[in-house]
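Since the structure comes first, as structure tokens, the remarks are kept for the end.
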Amino acid sequence: MLYAILCYAHEETVFAWSKEEEAAVMEKLYAVQEPLAKAGKLGPVGRLMPTTAATTVRKGKDEPLVIDGPFAETKEALLGFYVVDFETLEEAVAFSKQLSSVNPGSTSYEIRPFYVFRPGDAAS
């Protein structure tokens with residue numbers, strides 16, 4: 001089953017890292033990701049730009065509204081994601097725990113199963 005692992009963190013902290021701090025964190029995260037990549041179980045991994053770069057399209061009364069910034073203001077922002085292929089939720093939880101152990105600061109990982117949707121496919 002495919003899982004999306006969504007990474008939430010305090011944006012101000014993450015984007016304030018020095019280049020050296022960033023490199024150290026990424027090196028540790030790559031070490032956690034490498035076994036999955038070699039096993040062909042790691043899909044796209046991405047870091048999102050700051051919420052100041054976000055645009056939200058919200059359904060309006062007459063037509064969609066385009067708003068600068070994220071939909072909601074929260075202390076933690078969605079800053080990145082992983083797409084992984086695991087047999088069980090327990091495997092996804094274990095991977096998320098590994099990520100959490102090497103990622104400094106207040107970081108949380110939300111795990112959601114998903115399927116790839118293509119027009120014409122039936123939802124499952």
Could you go through region 96-107 in sequence order and give the Karplus-derived ³J(HN,Hα) for each residue, using 6.51 cos²θ - 1.76 cosθ + 1.60 with θ = phi - 60°, rounded to whole Hz, and x for Gly and Pro? 5, 5, 5, 4, 4, 5, 9, 9, x, x, 8, 10
Treating cross-link reach as a plain straight distance, find the aspartates and glutamates whose alpha-carbon is under 16 Å from the alpha-carbon of K59, omitting any fewer than eight places away in the same chain. D68
Classify the chain: rounded, prolate or oblate, from the alpha-carbon gyration tensor (a ≥ b ≥ c, eigenvalue square roots; a/c under 1.5 rounded; otherwise prolate if a/b is larger than b/c)? oblate
Charges at C-beta only: +1 for Lys and Arg, -1 for Asp and Glu. How large is the resulting dipole of the chain about its Cα centre, in Debye rounded to 20? 220
Among W17, M1, G46, whose Cα sits farthest toward the positive end of the charge dipole of region 1-54 (+1 at Cβ of Lys/Arg, -1 at Cβ of Asp/Glu, about the Cα centre)? M1
Fewest to most Cβ atoms within 10 Å: D121, D85, D62 sort as D62, D121, D85
What are the GluC sites (Glu not before Pro) within region 87-124 that DSSP puts in a loop, where the Cβ has at most 13 other Cβ atoms within 10 Å? E87
Sequence order, region 82-89: Karplus ³J(HN,Hα) from phi using 6.51 cos²θ - 1.76 cosθ + 1.60, θ = phi - 60°, Hz rounded, Gly and Pro as x, gives 10, 10, 10, 10, 10, 6, 9, 4
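We did not get these values from a lab; they are worked out from the coordinates using the rules stated. Quantities reported herein were computed from a predicted structural model and do not represent experimental measurements. In this analysis, Cβ positions are derived from the backbone assuming ideal geometry, glycine residues included, and neighbour counts consider all displayed protein chains.
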